[in-house]
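What follows is a single structure, written as structure tokens, with notes after it.
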Amino acid sequence: MADRPEGSAAQGDNRPKLSLHVPEPKFRPGDTVDFSHIEVPAAGSAPRPDEACDPAEMHDLAFGLVRVLGDDDKAHGPWDPKLDPDTLRKMLGHMAMTRAFDERMFRGQRQGKTSFYMKCTGEEATSVSASMALAGDDMVFPSYRQQGILIQRGYPLIEMINQIYSNKGDKLKGRQLPIMYSSREHSFFTISGNLATQTPQAVGWAMASAMKGDSRIAATWVGEGSTAEGDFHSACTFATVYNAPVILNVINNQWAISSFSGFAGAERTTFAARALGYGLAGLRVDGNDALACYAAERWAANRARANAGPTLIEFFTYRAEGHSTSDDPSGYRSAQERSEWPLGDPVMRLKNHLIAIGEWDEERQEKMDLEAAEHVKKVTKEAEANGILGHGLHHPFRTMFEDVFEELPWHLREQADQAVHERETKFPEGLPEA
Ligand SMILES: Cc1ncc(C[n+]2csc(CCOP(=O)(O)OP(=O)(O)O)c2C)c(N)n1
Ligand SMILES: [Mg+2]
């Protein structure tokens with residue numbers, strides 16, 4: 001046998017046994033939830049550095065929490081974006097519409113009208129308010145939980161519902177999983193189910209925009225769990241190396257399906273702190289504070305637009321509902337988490353702020369919620385006329401081979417013919433859409 005190097009374990013030393021740390025969430029179903037370990041700094045206490053500052057000056061902001069709305073429901077400190085009441089009401093309206101849309105679509109899935117849906121309850125500010133801080137033609141590369149962006153950008157709800165129902169009105173012709181929208185006209189990049197792929201794409205797009213001397217910036221949204229993907233880290237490297245005009249929004253909603261944020265590194269440091277190692281500007285923001293979300297995104301947008309550099313923003317929030325309609329969170333987390341979450345609910349907080357400044361009241365809120373629910377219901381009915389799951393009103397089977405090549409190549413034509421032939425053999429009575 002070959003000699004072992006001096007001091008190796010085989011020589012029988014008394015070095016301690018190594019052990020592996022496997023993260024475990026603090027609370028499981030049935031546990032009493034205590035979030036007192038989460039530090040919540042006072043609203044208005046975080047400084048607001050110059051938009052062109054050196055990322056090294058932002059160290060503390062990556063570990064703190066930018067907050068504007070205080071316990072008194074008033075706006076505080078240097079991050080107050082000082083939006084006029086009409087803009088605040090518009091923000092609240094988009095958030096209410098997003099919530100109404102989520103409720104209706106979730107119910108639609110339970111009624112068998114679609115196979116799948118994902119809500120963003122509790123996270124509305126991270127898409128609606130952030131999107132309002134961008135220009136309408138800035139290119140966004142979202143994940144699957146930013147329906148608030150499309151609603152804020154005025155994308156027709158009927159197009160969203162047609163896509164969710166994969167019906168004959170679906171512009172994507174049923175080729176995408178429900179909720180994976182795409183709209184070139186609304187500068188909304190096609191959603192991909194492969195986690196984090198949108199992050200290098202956003203950086204690449206931003207680099208191209210800079211190379212062309214364009215003025216549009218890019219912004220991407222990615223879940224905290226997805227930051228564990230290699231793509232996210234390549235995106236950070238490219239963003240910093242080329243000073244790409246891009247904003248990397250990390251939505252830390254504490255959960256990645258049934259895995260808690262600890263599996264993506266949250267036990268060790270913050271997600272905003274990732275920025276430090278790359279030399280990116282890093283901000284950690286109360287994601288349930290609509291004004292803080294707006295202010296941080298606008299800060300980063302101004303920075304990018306002035307060629308001062310990319311920003312990584314962590315929005316600290318909570319996924320109030322299940323991951324998707326295929327999930328049951330009662331199997332892995334305590335039901336108390338939602339009510340105990342120390343940062344409250346973003347819609348309630350913005351509503352209470354508008355009431356506190358004398359620009360809103362409960363009656364108007366009730367009316368707005370009712371109108372949003374009725375509008376979504378009406379549009380849902382319109383979309384249902386184009387078909388729902390299993391009703392056969394979808395794009396012809398054969399079209400799945402189209403639109404990739406300008407001319408269908410011979411081998412795809414052959415496969416299409418074969419697929420249609422097999423379908424006719426399997427269903428000799430015929431399917432109207434085949
Ligand atoms: C590359 C890849 N791995 C795994 C999955 C399965 N998957 C879909 S969503 C998800 C959780 C993502 O969590 P997070 O990034 O925190 O986003 P959130 O759902 O909380 O918004 C997983 C593991 C996937 N779609 N793609
Ligand atoms: Mg998550």
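Values in this text are rule-based calculations from the coordinates and carry no lab data. As the structure is a prediction and not an experimental result, all values here were calculated from the model. So basically every Cβ, Gly included, is an ideal-geometry build from the backbone, and we count neighbours across all protein chains shown.
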Sorted largest first, extent of the range 227-278 alpha carbons per principal axis (Å): 35, 19, 16
Mean separation of Cα contacts under 8 Å, 6 or more apart, over the residue count of the chain: relative contact order %: 22
DSSP bridge pairs, the range 152-274: antiparallel proportion in percent, nearest 5: 35
Burial order of peptide ranges 338-351, 152-165, 293-306 (average beta-carbon count within 10 Å, highest first): 293-306, 152-165, 338-351
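What's the Cα-based Rg to Rh of the chain, Rh via Kirkwood? All intermediate terms of the calculation are to be shown ahead of the outcome.
On the way: Rg = 24.2 Å, Rh = 23.5 Å.
Answer for the chain: 1.03.
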Principal axis dimensions, largest first and in whole angstrom, of the range 176-253 by Cα: 36, 30, 17
Spherically averaged projected area of the range 16-119 from its Cα convex hull (nm²): 14.0
Lysine-lysine proximity count for the range 55-384, Cα under 12 Å, sequence distance 8 or more or distinct chains: 4
Cα centroid separation, the range 111-128 to the range 310-327 (Å): 11
Under the span-like rule (Cα at least 30 Å along the axis, Kyte-Doolittle mean at least -1.0), DSSP H helices of the chain: 85-110
Most mobile listed residue (T317, T98, T227) in the chain, GNM with C-alpha springs under 10 Å: T227
Ranked packing of 259-269, 31-41, 233-243, most packed first, by mean Cβ within 10 Å: 233-243, 259-269, 31-41
Dimensionless Rg ratio for the range 143-298, taking C-alpha atoms and the 2.2 N^0.38 Å reference: 1.08
Share, in percent, of DSSP beta bridges within the range 55-384 that are antiparallel, nearest 5: 15
